[in-house]
Every structure is written in C-alpha cells, then in structure tokens.
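Here's the structure, in structure tokens; my notes come after.
Values in this text are rule-based calculations from the coordinates and carry no lab data. None of these values were measured; they are calculated from a predicted model. Quick reminder, even Gly has a Cβ in these numbers, built from the backbone with ideal geometry, and neighbours come from all protein chains shown.
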C-alpha cells in the first residue's frame, strides 16, 4: 500500500504501544520510540533497536536513552492494507522491544515476533 501520512502512522504506533503485553511493558527502562521515514543505511528494514539491552546493563548510568526506530515507508510498502499495516507495526514494536529486554532474533523468530 502507499505510505500513510506521518501523523496517521504515529497513531498506529501509539495504539501498538498501548497493546503491548503488560509483562513486556513493565520492563521498559530508559528507552524512547521514534518514527522515521526509513533507515538510510538499510532502507528495507522495518525497525531498529539501538542501545544496551537490559540483560547487558551492569554499570549503566548517565547515558542517553536507548532508541527504537520504526520506519514508516517500508512498513507501509509491505502492507497489503490498513489492517495488515497495523498488524505489522505491532509485530515490529514487540520485536524491537524484545531486543531491549535482551531477546535475540532467533528466539524472537521462535516466539513468532519477526
């Protein structure tokens, strides 16, 4: 489908964040979610986690928040329709937050969040 306007996409992201499983949401620590059009280095990726996973934090203080980026254009282009887009945003949000709590790609795949 064609890319939706940024404000509409951000509403879908907010809805996805509101529906995260409580056990996952309770573990958020020093992380921000941003929406960008696309990743310059890898324009086809849907999302990206940048930071130090909770499982790797030992002496962790005085650092900028971790960052989860969701990429509007590739998510929209892969979606068949609005319902599919909403579903893919939710999957991408959970996938990237999975990285935040220390779950690797292999395990996320096993859990169906890829």
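Once a ≥ b ≥ c are taken as the square roots of the eigenvalues of the Cα gyration tensor of region 1-64, is the result rounded (a/c under 1.5), prolate (a/b larger than b/c) or oblate (a/b not larger than b/c)? Present the calculation step by step, with values, prior to reporting the outcome.
On the way: a/c = 2.59, a/b = 1.50, b/c = 1.72.
Verdict is oblate for region 1-64.
Share of antiparallel DSSP beta bridges in the chain, in percent to the nearest 5?
For the chain, the DSSP antiparallel bridge percentage is about 40.
Using only Cα atoms, tell me the angle between helix 6-18 and the longest principal axis of the chain; keep it within 0 to 90° and round to the nearest 10.
50 degrees
Looking at the chain as a GNM with Cα springs under 10 Å, which of 62, 102, 47 has the largest mean-square fluctuation?
Highest fluctuation among the options: 62.
Can you tell me which of 87, 58, 38 moves the most in a GNM of the chain? Springs connect C-alpha atoms under 10 Å apart.
58
Mind pulling the angle between the C-alpha long axis of helix 82-100 and the longest principal axis of the chain? Nearest 10 degrees, somewhere in 0 to 90.
Here the helix axis deviates by roughly 10 degrees.
Identify which of the listed values of Rg and Dmax of the Cα atoms in Å was calculated from the structure shown: (i) 47.2, 156; (ii) 14.0, 45; (iii) 13.4, 42.
The calculated read-out lines up with (ii).
Which order do the peptides 48-57, 22-31 come out in when sorted by mean C-beta neighbours inside 10 angstrom, highest first? Provide the component values of the computation, followed by the final result.
Numbers: 48-57: 14.6, 22-31: 12.6.
Ranking, from highest mean packing down: 48-57, 22-31.
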